[in-house]
Amino acid sequence: MTVLVSRFTESFGGAVRAPGDKSISHRALILAALAVGRSTVTGLLESDDVRATAAALRALGAEIARGGDGAWTVDGVGVGGLAEPETVLDLGNSGTSARLLLGAIASHRMTCFMTGDPSLRARPMGRVTAPLRQMGAEFVARAGGLLPLAVTGPEEALPIEYVLPVASAQVKSAVLLAGLNAPGRTRVVEPRPSRDHTELMLRHFGVAVEIEERGASGRAVAVEGYPEIAARSVRVPGDISSAAFPGVAALLVPGARVALPGVGLNPTRAGLLDCLAEMGARVDIGNRRSDAGEPVGDLVFHGAEPGALAGIEVPADRAPRMIDEYPILAMAAAAARGTTRMHGLAELRVKESDRLAALASGLASAGVAAGIEGDTLIVAGRAGPVPGGARIDCRRDHRIAMAFLVLGLAARAPIAVTGAETVATSFPGFAETMTRLGARIAETAEDG
Ligand code: S3P
């Protein structure tokens, strides 16, 4: 087990490239695997989660290789061409891999077994198996719809119209991917827009996607079955969800300046930037452009004086646009002046860990008053450095680990994070990157 300790840091700055976007990396591999011919992917996130998707797609018949120049090639099998894997697909810690691949697999006439690590085995899969059942797939799962499970696809899948009960890009994507191998039109209606990387990537691969804004009743996304998907090249932008950690770290160190070029700025992902602006943080955005249909820009985060950031109210309807950023926002809130209330966070309970509980208890152990009321997280800011002196079990949750390591940079006594090896699921080399910028983060030798 890796234990990382982070300590008060007075000098922090430089330029770093954020790792490739995790969501886009999974989708690039999956769509390339469903295309005909050889696709090339550059900037792919080379993390445990994305490797899990690549390994599963290989087991399903695609050929995937990394070239010496860091570009990945994928020889696809074409829509409907996935083959029954000989053994169990193990998706490790990755909910996105499990849910998106269940969709892609469920409309194929074959049986497939799937499992994951203890964190993934505790996460709800019923949200994807419910619509996929309507499309004709059969599932055998553990009580509560948990992994491990087995899926058997029908002879021919049924296209459906499905109204999402929760705003979830993973569920939307699973249904759309299943719909690629079904006759006719498959439509998903989402109550609030969730990240639209699947839609953008489908279009990039030449698939017609119909998007209809339905005002108060949400947004409908439809695909027509059996498209011919042509191989493409994809350049994956930097992940705003990863850039957020060195970025917010910079805000917590007076005088810091951290540049993060080439970060994805898709509006369905950029809610954190709205919050930071409301708190009074200075984040410059320059050189806006587009890659594979995704908006991209260069970010520069500037350190604030102690207590300069203000606590804010974060409305519930912002949650889908920044669902993975609450751990790091809670750390900014801990060092801000005044109270921050983050509303509408029920989904945080079913992430890699119960993030609501992990944040509230972790902050309390670091001397920050934090509480949960319903699905609202409340953090009483310390208007400067926090007491610290905590030991946080990150519960196999990469973002909980990284968030508390960032808080340690603005803590009077060190913050230790146990189980920190899990950061490799999304941000390989996180500690090294942060150390290069000046962060006092180090590994301690401990048994177990
Ligand atoms: C993701 C969607 C989100 C997010 C996850 C990645 C995706 O999950 O939390 O890290 O790539 O589609 P939900 O769909 O469960 O909200």
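The values are calculated or read from the model by the stated rules, or taken from the named source; none is laboratory data. What you see is a predicted model; the values in this text were computed from it and never measured. Ideal geometry is used to build each Cβ from the backbone, glycine not excepted, and the neighbour counts take in all protein chains shown. The protein model used for the area step is the full one, side chains on, heavy atoms only, and it has no ligands, DNA or RNA in it. Shrake-Rupley method; radii C 1.70, N 1.55, O 1.52, S 1.80 Å.
Would segment 3-14 turn up any residue that is among the polar types (S, T, N, Q) and over 24 Å from residue 300 (Cβ atoms)? Reasoning before the result, please.
So the first thing to find is which residues in segment 3-14 are among the polar types (S, T, N, Q), and the list is 6, 9, 11.
Then drop every residue that is not over 24 Å from residue 300 (Cβ atoms), which leaves none.
No, because not a single residue in segment 3-14 is among the polar types (S, T, N, Q) and over 24 Å from residue 300 (Cβ atoms).
Any chance segment 58-76 includes a residue that's open to solvent by 50 Å² or more (accessible area, probe 1.4 Å) and in contact with a Gly (Cβ under 8 Å, 6 or more places away or on another chain)?
For segment 58-76, residues open to solvent by 50 Å² or more (accessible area, probe 1.4 Å) and in contact with a Gly (Cβ under 8 Å, 6 or more places away or on another chain): absent.
With respect to residue 324, determine if the residue is surrounded by 17 or more Cβ atoms within 10 Å (Cβ to Cβ) and either of a type outside the set (A, V, I, L, M) or within 16 Å of the chain's Cα centre (by Cα) (or both). Lay out the reasoning, then the answer.
Working: surrounded by 17 or more Cβ atoms within 10 Å (Cβ to Cβ): yes; either of a type outside the set (A, V, I, L, M) or within 16 Å of the chain's Cα centre (by Cα) (or both): yes.
Considered against the rule, which asks whether it is surrounded by 17 or more Cβ atoms within 10 Å (Cβ to Cβ) and either of a type outside the set (A, V, I, L, M) or within 16 Å of the chain's Cα centre (by Cα) (or both), residue 324 comes out as yes.
Scan (1) in a strand (DSSP E or B); (2) surrounded by 16 or more Cβ atoms within 10 Å (Cβ to Cβ) for the single condition residue 175 breaks and write down its number.
The single condition residue 175 does not satisfy is (1).
At least 2 residues that are open to solvent by less than 10 Å² (accessible area, probe 1.4 Å), farther than 12 Å from residue 2 by Cα and touching a residue at least 60 places away in the same chain (Cβ under 8 Å) in each: list the strands (runs of 3 or more DSSP E) lying fully within segment 362-448 that qualify. Don't jump to the end; show me each part of the working.
Numbers: elements: 370-373, 376-380, 386-393, 411-418, 440-444.
Output list reads 411-418.
Any residue that is within 30 Å of residue 182 (Cα to Cα), within 16 Å of the ligand (Cβ to nearest atom) and in contact with a helix residue (DSSP H, G or I) (Cβ under 8 Å, 6 or more places away or on another chain) - is there at least one of those in segment 1-20?
Step one: of segment 1-20, the residues within 30 Å of residue 182 (Cα to Cα) are none.
The answer is no, given that none of the residues of segment 1-20 is within 30 Å of residue 182 (Cα to Cα), within 16 Å of the ligand (Cβ to nearest atom) and in contact with a helix residue (DSSP H, G or I) (Cβ under 8 Å, 6 or more places away or on another chain).
If you go through segment 12-21 one residue at a time, do you hit one that is surrounded by fewer than 16 Cβ atoms within 10 Å (Cβ to Cβ) and not small (Gly, Ala, Ser)?
So the first thing to find is which residues in segment 12-21 are surrounded by fewer than 16 Cβ atoms within 10 Å (Cβ to Cβ), and the list is 14-15, 17.
Of the ones still in play, those that are also not small (Gly, Ala, Ser) are 17.
Within segment 12-21 (the criterion being surrounded by fewer than 16 Cβ atoms within 10 Å (Cβ to Cβ) and not small (Gly, Ala, Ser)), the answer is yes, since at least one residue qualifies.
Scan segment 62-120 for residues that are among the charged types (D, E, K, R) and in contact with a Phe, Trp or Tyr (Cβ under 6 Å, 6 or more places away or on another chain) and report the count.
So the answer is 1.
Look through segment 81-111, keep the residues that are of a type in the set (A, V, I, L, M, F, W, C) and more than 16 Å from the ligand (Cβ to nearest atom), and return whichever of them is farthest from residue 33 (Cα to Cα). If you could, list the steps in order and put the result at the bottom.
Pass one, segment 81-111, residues of a type in the set (A, V, I, L, M, F, W, C): 82-83, 88-89, 91, 98, 100-102, 104-106, 110.
Imposing the further condition that a residue be more than 16 Å from the ligand (Cβ to nearest atom) reduces the set to 82-83, 88-89, 105-106, 110.
Numbers: 82: 9, 83: 11, 88: 19, 89: 16, 105: 12, 106: 15, 110: 17 Å.
Top of the filtered list is 88.
For residue 127, all conditions in the list (1) away from the ligand (no atom under 14 Å from the Cβ); (2) surrounded by fewer than 21 Cβ atoms within 10 Å (Cβ to Cβ); (3) outside any strand (DSSP E or B); (4) free of Cβ contacts under 8 Å to residues at least 60 places away in the same chain hold save one; what is the number of the exception?
(1)
At least 1 residues that are out of contact with any strand residue (DSSP E or B) (no Cβ under 6 Å at 6 or more places or on another chain) in each: list the strands (runs of 3 or more DSSP E) lying fully within segment 24-94 that qualify.
Strands (runs of 3 or more DSSP E) meeting the threshold: 36-42, 72-77.
Scan segment 259-305 for residues that are small (Gly, Ala, Ser), in contact with a helix residue (DSSP H, G or I) (Cβ under 7 Å, 6 or more places away or on another chain) and not in a helix (DSSP H, G or I) and jot them down. Give the derivation first.
Initial filter on segment 259-305 (small (Gly, Ala, Ser)): 259, 262, 264, 270-271, 277, 280-281, 286, 290, 292-293, 297, 303-304.
From what's left, in contact with a helix residue (DSSP H, G or I) (Cβ under 7 Å, 6 or more places away or on another chain): 264, 270-271, 281, 292-293, 303-304.
Passing the criteria: 264, 270, 281, 292, 293, 303, 304.
Take segment 337-356 and flag every residue that is open to solvent by less than 30 Å² (accessible area, probe 1.4 Å), hydrophobic (A, V, I, L, M, F, W, C) and either closer than 24 Å to residue 424 by Cβ or away from the ligand (no atom under 12 Å from the Cβ) (or both).
At the first step, the residues of segment 337-356 found to be open to solvent by less than 30 Å² (accessible area, probe 1.4 Å) are 340, 342, 344-345, 348, 352-353, 355-356.
Going one step further and asking which of them are hydrophobic (A, V, I, L, M, F, W, C), we end up with 342, 345, 348, 356.
342, 348, 356 - these are the residues of segment 337-356 that are open to solvent by less than 30 Å² (accessible area, probe 1.4 Å), hydrophobic (A, V, I, L, M, F, W, C) and either closer than 24 Å to residue 424 by Cβ or away from the ligand (no atom under 12 Å from the Cβ) (or both).
Here are 300, 248: which of them is free of Cβ contacts under 8 Å to residues at least 60 places away in the same chain, within 26 Å of residue 441 (Cα to Cα) and of a type in the set (A, V, I, L, M, F, W, C)? Break it down stepwise before answering.
Working: 248 fails: free of Cβ contacts under 8 Å to residues at least 60 places away in the same chain.
None of the others qualify; the one that does is 300.
Considering 91, 34, which residue is modelled with pLDDT of 95 or more and in contact with a helix residue (DSSP H, G or I) (Cβ under 6 Å, 6 or more places away or on another chain)?
91
Kindly check whether there is at least one residue in segment 188-195 that is over 21 Å from residue 349 (Cα atoms), within 11 Å of the ligand (Cβ to nearest atom) and touching a residue at least 12 places away in the same chain (Cβ under 8 Å). Show your work before the answer.
Going through segment 188-195, the residues over 21 Å from residue 349 (Cα atoms) turn out to be 188-189.
Those left that are additionally within 11 Å of the ligand (Cβ to nearest atom): none.
So far as segment 188-195 goes, no, none of its residues is over 21 Å from residue 349 (Cα atoms), within 11 Å of the ligand (Cβ to nearest atom) and touching a residue at least 12 places away in the same chain (Cβ under 8 Å).
Would you pick out the residues in segment 135-172 that are touching a helix residue (DSSP H, G or I) at 6+ places or on another chain (Cβ under 8 Å), within 16 Å of the ligand (Cβ to nearest atom) and part of a strand (DSSP E or B)?
Residues satisfying the conditions are 146, 147, 162.
Going by what's in this entry, would residue 243 be described as buried (at least 24 other Cβ atoms within 10 Å of the Cβ) and not hydroxyl-bearing (Ser, Thr, Tyr)?
Numbers: buried (at least 24 other Cβ atoms within 10 Å of the Cβ): yes; not hydroxyl-bearing (Ser, Thr, Tyr): yes.
Yes; evaluated as a whole, the condition is true for this residue.
Suppose we keep only residues that are closer than 21 Å to residue 335 by Cα and among the β-branched types (Val, Ile, Thr) within segment 246-264. Which one would you say is surrounded by the most Cβ atoms within 10 Å (Cβ to Cβ)? I'd like the intermediate steps shown before the answer.
Filtering segment 246-264 for residues closer than 21 Å to residue 335 by Cα gives 246-258.
Then keep just the ones that are among the β-branched types (Val, Ile, Thr); that gives 248, 253, 258.
On the way: 248: 29, 253: 23, 258: 25.
Among those residues, the one meeting the criterion is 248.
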